[in-house]
Amino acid sequence: MVNSCERRAVACVLLAVTAVVAAASYDRERLEIAKQILEEVPLTDGHNDLPWNIRKFLRNQINEFELDTDLTVVEPWSISKYSHTDLPRLREGMVGAQVSTTFLTIYL
């Protein structure tokens with residue numbers, strides 16, 4: 001026989017599971033809406049570390065920089081805490097452009 005305390009515990013667990021499933025569904029829905037918006041209206045990031053890092057690491061020799069490289073695996077970019085910009089990550093994050101004080105980079 002199940003006592004009332006055990007029934008309450010089971011009810012609480014079921015309620016918690018239901019809440020988690022509902023929240024996950026809501027999050028997926030919101031993510032899909034955000035992706036639809038970004039497909040129609042590209043995000044412009046107002047801060048761009050890439051020009052500064054090209055200046056710092058490559059002494060402005062842009063021809064030595066491979067724009068399509070995943071910089072998380074290339075030194076010195078991968079060890080710098082200020083190297084957060086590369087085309088693969090920008091595409092994954094659906095960033096359409098970045099604005100810098102030196103130039104505007106459009107990735108569309």
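The values are calculated or read from the model by the stated rules, or taken from the named source; none is laboratory data. Computed from a predicted structure; not experimentally measured. Every residue, glycine as well, gets a Cβ built from its backbone with ideal geometry; the counts of neighbours run over all protein chains shown.
Among residues belonging to the range 36-49 that are in a helix (DSSP H, G or I) and without any contact (Cβ under 8 Å) to a residue 12 or more places away in the chain, point out the one that is surrounded by the most Cβ atoms within 10 Å (Cβ to Cβ).
Among them, the one singled out is ILE37.
What pairs can you find where one residue is in the range 9-35 and not assigned by TED's automatic domain parsing to the domain that holds MET94, the other is at pLDDT 75 or above, and their Cβ atoms are less than 7 Å apart, with a gap of 6+ or different chains?
LYS35/MET94
Just one of the numbered conditions (1) farther than 30 Å from VAL99 by Cβ; (2) in a helix (DSSP H, G or I); (3) at pLDDT below 80 is not true of TRP52; which one?
It is condition (1) that TRP52 fails.
For the range 21-30, check the following and say yes or no: at least one residue is closer than 18 Å to GLN98 by Cα and loosely packed, with under 11 Cβ neighbours inside 10 Å.
no
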